[in-house]
Amino acid sequence: RMPSEALAKEGKLLRRIPPSGKVPRACPRGSMILKNARKILRFLSRKKDVLSPLLIMMHDYPDPDAIASAYALHYLAEREFGVQTRIVYRGIIGRMENRSMVSILKLPIHKLRSGDLKRYPHVALLDTQPGFENNCFPLTRRAQMVIDQHPSIARFTADLSVIDPECGATSVILAQALLSLKREIPVPVATALAYGILTDTMNLYRARQPDISQIYLNILSHSDMRILARIQNPLRSRRFFTSLGRGIHQATVRRGLILSHLGAVESPDLVAQVADFLLSYKGMNYAACTGRYKGKLYVSLRMQKMTASAPDILRDVFTNPRNAGGHGLIAGGSFTVGANPGEENWEAAEGTFTERLMKRLRIPLKGDLYYPFRPT
C-alpha cells in the first residue's frame with residue numbers, strides 16, 4: 001500500500017511518472033522515427049505561410065492512433081506554426097473507449113461536411129493514405145501531408161509523405177515531433193498520444209524498435225494517468241454486451257481457427273473487438289469475425305504467432321486486395337455486399353469468406369467443426 005503522504009499527493013504522482021529533471025533522449029541518432037519527426041517539423045516551418053487552412057483527415061472509423069496523431073498535428077500546426085486546422089472523419093467513432101477518449105479529452109474533431117474537400121485547398125491525411133478504401137480523398141488529388149504507419153498500396157502525390165511501417169503507431173512519429181521541440185506538452189495531447197501508442201502496439205508488444213518504448217515513456221511523463229485509466233475502462237452499452245454474447249454463441253472452431261459471424265452491428269469496430277476477445281480462447285492460432293453494416297461485410301483477422309502476415313492473408317482472401325489492410329498479427333477490411341442486400345446475400349458473402357479463409361489457412365472444409373461455447 002502507498003503511504004498516506006503519497007496518497008495525499010496522488011494526483012501529482014499519477015500525472016508525472018519520472019521525477020523532475022532532464023527527459024532522456026527518445027530516439028538514438030540515425031533513427032528513422034527521429035528523421036521522420038524532423039521532416040514534419042521542417043515542412044511545417046517552411047510551409048506555414050501557405051498551409052492555412054489545413055484539413056486534417058482521418059480514416060472513416062478513426063481508432064485511438066488516428067485520433068491522437070491527428071490531434072497532435074492539429075496542436076503542432078496551430079500552436080507552433082500558426083496554421084489553422086480542422087480535424088475530420090467521414091464515418092463514425094464506434095468503440096466506447098474511443099468515444100470516451102474524445103469526450104474526456106475534449107478533442108476538437110468533426111464529421112466531414114459535404115463540400116469540405118472543395119472548401120479546403122490543403123489536406124493532410126493521418127493514419128491513412130490516398131487510395132485506401134477507408135477514406136474518401138481522391139487518389140487523383142495531391143495531398144499536402146500524408147503521415148501513416150501502413151504500407152502503401154497505391155502511388156499517390158503529396159508535398160510531404162512520411163510512411164513508416166516499422167514505427168508501431170502513427171502516434172509514435174507525432175509524439176517524437178513534439179518531444180523534439182523540448183517544450184512542455186499539454187496533458188490532453190500527451191494523454192491522447194500515450195493511448196494511441198498503447199492501442200496500436202498492443203501495449204508495446206508490437207514495438208519492434210527499442211526507441212518506441214522510450215518515446216512512449218517520455219510522452220507518458222506529460223500525461224495524466226488517471227484520465228488514461230478512465231479512457232481504458234469506460235462504461236459500455238447494452239448493445240456491446242449483446243454483440244459480444246452473440247459472437248461467443250455463434251463462434252465455431254476448426255483446426256486452430258475460431259470464427260464468428262455477428263450479423264448486423266451498430267458499429268464496425270465491434271467486429272475487431274470480438275475478434276480480439278475470441279483470440280484469447282486457449283489453443284487458437286487464428287480468430288476471425290464478420291459483421292454487417294450499411295451494405296458492407298466488415299472482417300477482422302487476428303493471429304497468435306507471426307507465421308505469416310495477417311494483412312497478406314486477408315488480401316489473398318478478398319476479391320479486391322485493396323479492401324484489406326493491417327500490420328503484423330492484425331488485419332481488417334470490408335467489401336460491399338449490396339445497396340440493400342437480403343439475408344440470402346449476407347449468408348452467401350459470409351459463406352464465401354469462410355471458405356476462402358479456410359482454404360488460405362489450409363484448414364479442411366469438412367469435419368472437426370464444433371461450437372465450443374454452446375451447451376452440449
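The values are calculated or read from the model by the stated rules, or taken from the named source; none is laboratory data. Please read all numbers here as calculations on a predicted model, not as lab measurements. Don't worry about glycine lacking a Cβ; one is built from the backbone with ideal geometry, like all the others, and counts go over all protein chains shown. Only protein heavy atoms, including side chains, enter the accessible area calculation; ligands, DNA and RNA are left aside. Shrake-Rupley method; radii C 1.70, N 1.55, O 1.52, S 1.80 Å.
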Can you pull out the residues in segment 359-376 that are touching a strand residue (DSSP E or B) at 6+ places or on another chain (Cβ under 7 Å) and aliphatic (A, V, I, L, M)?
LEU361, ILE363, LEU369
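The rows are residues; the columns are (1) free of Cβ contacts under 8 Å to residues at least 60 places away in the same chain; (2) on the phi > 0 side of the Ramachandran plot.
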site: LEU51; (1), (2): no, no
site: HIS74; (1), (2): yes, no
site: GLY82; (1), (2): yes, yes
site: MET96; (1), (2): no, no
site: MET101; (1), (2): no, no
site: LEU112; (1), (2): yes, no
site: ASN135; (1), (2): no, no
site: ARG142; (1), (2): yes, no
site: ILE147; (1), (2): no, no
Does GLU343 satisfy the criteria of being of a type outside the set (Phe, Trp, Tyr), in contact with a Ser or Thr (Cβ under 8 Å, 6 or more places away or on another chain) and modelled with pLDDT of 95 or more?
no
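Show me the helices (runs of 4 or more DSSP H) entirely contained within segment 1-98 in which 2 or more residues are surrounded by 12 or more Cβ atoms within 10 Å (Cβ to Cβ) and at pLDDT 55 or above.
Per the criteria, 32-51, 64-75.
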Here the residues within segment 301-324 that are assigned to a loop (DSSP other than H, G, I, E, B) and not basic (Lys, Arg) are GLN304, MET306, THR307, ALA308, SER309, PHE318, THR319, ASN320
All but one of (1) buried (at least 18 other Cβ atoms within 10 Å of the Cβ); (2) within 18 Å of PRO151 (Cβ to Cβ) hold for PRO321, so report the exception by its number.
(1)
So in segment 149-167, with the set limited to residues that are in a loop (DSSP other than H, G, I, E, B) and open to solvent by less than 50 Å² (accessible area, probe 1.4 Å), which one is modelled with the lowest pLDDT?
ALA154
In segment 119-135, what residues are open to solvent by 20 Å² or more (accessible area, probe 1.4 Å) and either modelled with pLDDT of 95 or more or part of a strand (DSSP E or B) (or both)?
ARG119, TYR120, PRO121, HIS122
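Filter segment 231-258 down to the residues that are open to solvent by 60 Å² or more (accessible area, probe 1.4 Å) and not in a helix (DSSP H, G or I), then identify the one that is nearest to ASN285 (Cα to Cα).
Initial filter on segment 231-258 (open to solvent by 60 Å² or more (accessible area, probe 1.4 Å)): 232-233, 235-236, 238-239, 241-242, 246, 249-250, 255.
Going one step further and asking which of them are not in a helix (DSSP H, G or I), we end up with 233, 235-236, 255.
On the way: ASN233: 27, LEU235: 30, ARG236: 28, ARG255: 9 Å.
The extreme case among them is ARG255.
So, in segment 259-299, of the ones that are of a type in the set (Phe, Trp, Tyr) and within 18 Å of the chain's Cα centre (by Cα), which residue ends up least open to solvent (accessible area, probe 1.4 Å)?
TYR298
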